[in-house]
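Report on one structure; see the data block that follows.
The values are calculated or read from the model by the stated rules, or taken from the named source; none is laboratory data. Since we're looking at a predicted model, the values are computed, not measured. Glycine gets a Cβ as well: all are built from the backbone with ideal geometry, and neighbour counts include every protein chain shown.
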Amino acid sequence: MATRTEWEDEAESWVRWARTPGHDAYWSYRRSFFERIVPAPGVRTVELGCGEGRVTRDLQARGHRTVGVELSPTLVGHARAVDPGGAYLQADAARLPLATASSDVVVAYNTLMDIADMEAAVAEAWRVLVPGGRFCICITHPMANAGRFDGPGPEASFVMSGTYFGRQRFEATEERDGLAMTFRGWSYALEEYARALERAGFLIELLREPVPEASTPSLARWTRLPLFLHIRALKQARDG
């Protein structure tokens, strides 16, 4: 994933950030992801980059039998502490310790941009899925990463200050309601994600640009421009 130390260094900050209900954008986008992108539960659902486990726990609440994969040992420990009966593996998403064709669904919720070898993680998702399995993805929208708003208000203009194309390193610290979190990773053009899925053997069957359910002050501007992109890809059998 990004690197072992980057998320390990931010682990405690992320736990506070992620476990404060309604604090970040997840709470206003998760229903559209689970209801429109994630298929019905099967034998096993794998989450890549599960962090402290909130997406895995939401999948379990919807009937999925889950395995969470996370590189940071501290985050794996937090996930296990709150869900002692769950299955959590400390591992790299680009080298999954899971058998080939052993899962019906793989989920990567806002994690592909944190994985150092994004293409390898996509290929691993294909490997562990059964034929006909689905890879369900949420990423920061590539356009949202390509610029910034020029002011704090909901009507502020969105300005592109760099290039949209290529693999770009990002680092940003967000502070809100007494909590702070530094996010680091890579941004990609939409074509880069599509090419990774194509090369692995996936067929993109759903692509959605959700709007937030609750128009809180921090999300009001994202009713004009998509903050996230939701993708569902189908594992096709390779010829030969």
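Observations on the model:
- Hits in the stretch 93-113 - residues which are over 20 Å from Tyr26 (Cα atoms) and touching a helix residue (DSSP H, G or I) at 6+ places or on another chain (Cβ under 8 Å): Ala93, Ala94, Arg95, Leu96, Leu98, Ala99, Thr100, Ala101, Ser102, Ser103
- One residue stands out among those in the stretch 59-74 that are touching a helix residue (DSSP H, G or I) at 6+ places or on another chain (Cβ under 8 Å) and part of a helix (DSSP H, G or I): the one that is surrounded by the most Cβ atoms within 10 Å (Cβ to Cβ), which is Leu59.
- The residue pairs whose first member lies in the stretch 176-205 and is touching a residue at least 12 places away in the same chain (Cβ under 8 Å) and closer than 15 Å to Ile139 by Cα, whose second member is small (Gly, Ala, Ser) and assigned to a helix (DSSP H, G or I), and whose beta carbons are closer than 7 Å, counting only pairs six or more residues apart or on different chains, are Ile204/Ala194.
- Residue list for the stretch 211-240, filter: surrounded by 14 or more Cβ atoms within 10 Å (Cβ to Cβ) and among the hydrophobic types (A, V, I, L, M, F, W, C): Val211, Leu219, Ala220, Trp222, Leu225, Leu227, Phe228, Leu229, Ile231, Ala233, Leu234
- Given (1) polar (S, T, N, Q); (2) assigned to a strand (DSSP E or B); (3) surrounded by 12 or more Cβ atoms within 10 Å (Cβ to Cβ); (4) out of contact with any Asp or Glu (no Cβ under 7 Å at 6 or more places or on another chain), number of the condition Thr182 does not satisfy: (4)
- Residues in the stretch 193-211 that are within 30 Å of Gly151 (Cβ to Cβ) and either more than 16 Å from the chain's Cα centre (by Cα) or of a type in the set (Gly, Ala, Ser) (or both): Val211 alone.
- In the stretch 208-224, the condition of being at pLDDT 90 or above, closer than 20 Å to Ala125 by Cβ and in contact with a Leu (Cβ under 8 Å, 6 or more places away or on another chain) is met by at least one residue.
- Restricting attention to the stretch 158-176, the residues being loosely packed, with under 10 Cβ neighbours inside 10 Å, over 18 Å from the mean Cα position of the chain (by Cα), farther than 18 Å from Ser13 by Cα and not β-branched (Val, Ile, Thr) number 1.
- Inspection of the stretch 192-210 identifies at least one residue that is in a loop (DSSP other than H, G, I, E, B) and either of a type in the set (Val, Ile, Thr) or exposed (fewer than 15 other Cβ atoms within 10 Å of the Cβ) (or both).
- Of all residues in the stretch 115-168, those satisfying the criterion of being small (Gly, Ala, Ser) and assigned to a helix (DSSP H, G or I) are Ala120, Ala121, Ala123, Ala125, Ala144.
- Residue within the stretch 99-106 that is at pLDDT 95 or above, within 20 Å of Thr182 (Cβ to Cβ), touching a strand residue (DSSP E or B) at 6+ places or on another chain (Cβ under 9 Å) and outside any loop (DSSP other than H, G, I, E, B) present: no
- Only listed residue being of a type in the set (A, V, I, L, M) and outside any loop (DSSP other than H, G, I, E, B), chosen from Leu96, Leu89: Leu89
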